[in-house]
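Report on the following structure.
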Amino acid sequence: MDTYKVGYFVGSLAAGSINRKLAKALVRLAPKHLEMEEIPFRDLPLYSYDYDADFPPPARSFKTALAGVDAVLFVTPEYNRSIPGGLKNAIDWASRPYGTNSFTRKPSAVIGTSPGAIGTAVAQQSLRSVLSFCNSPQMNAPEAYIQFKPGLITDEGEVTNEGTAEFLKNYMAEFHAFVVRVYTVLPRGG
């Protein structure tokens with residue numbers, strides 16, 4: 001069975017982010033055929049088309065990292081009923097300059113956690129709209145809106161609730177199956 005390299009984004013830049021804990025848990029629970037690698041975006045300046053002719057070094061490194069993965073996983077909080085500005089900025093960089101969209105035909109999935117009962121549902125819908133425009137095939141099910149409670153996930157990414165751990169393990173297995181399906185129809189490098 002083929003191995004796929006998955007680049008993941010943690011939407012929050014906060015050091016103590018609960019979405020970073022969730023990302024660590026997903027890395028631990030991923031099937032062995034998914035190689036997980038974070039793609040950081042903290043150092044990106046605000047995007048402007050003035051950069052399209054000559055990307056600054058952090059943006060070039062970011063685009064190179066995206067080119068090196070087969071799929072992307074977004075682990076994001078919800079800010080003001082949408083995605084964090086830093087994450088949107090990263091997506092803008094990835095989609096530019098025109099004709100070099102890093103998400104074209106690249107399978108993606110979206111997940112997030114928050115203390116609120118709807119667990120990032122509105123942010124995920126906002127992100128899905130952006131990813132549709134970016135021509136990224138998206139895993140639509142299972143949806144994963146995780147309500148975070150203190151102690152649910154340790155700093156090392158261990159999920160302390162057995163039901164949640166099983167759900168997240170299944171989510172990553174489904175993501176692997178989705179990536180395989182996408183590349184069956186749209187072969188890598190094609």
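The values are calculated or read from the model by the stated rules, or taken from the named source; none is laboratory data. Everything quoted here is computed from the prediction, not taken from an experiment. No Cβ is skipped: glycine too gets one built from the backbone with ideal geometry, and neighbour counts run over all protein chains shown. Accessible surface areas use protein heavy atoms only, side chains included; no ligands, DNA or RNA. Shrake-Rupley method; radii C 1.70, N 1.55, O 1.52, S 1.80 Å.
Listed residues 116, 157; which is assigned to a loop (DSSP other than H, G, I, E, B) and touching a Leu at 6+ places or on another chain (Cβ under 9 Å)?
Result: 157 is the single residue among 116, 157 that is assigned to a loop (DSSP other than H, G, I, E, B) and touching a Leu at 6+ places or on another chain (Cβ under 9 Å).
Just one of 110, 179, 122 is in contact with a Pro (Cβ under 8 Å, 6 or more places away or on another chain) and either open to solvent by 20 Å² or more (accessible area, probe 1.4 Å) or under 22 Å from residue 32 (Cα atoms) (or both); which is it?
Just a single option satisfies the conditions, and that option is 179.
Taking the criterion of being within 26 Å of residue 51 (Cα to Cα), over 15 Å from the mean Cα position of the chain (by Cα) and at pLDDT 95 or above, would at least one residue in region 120-134 satisfy it?
yes
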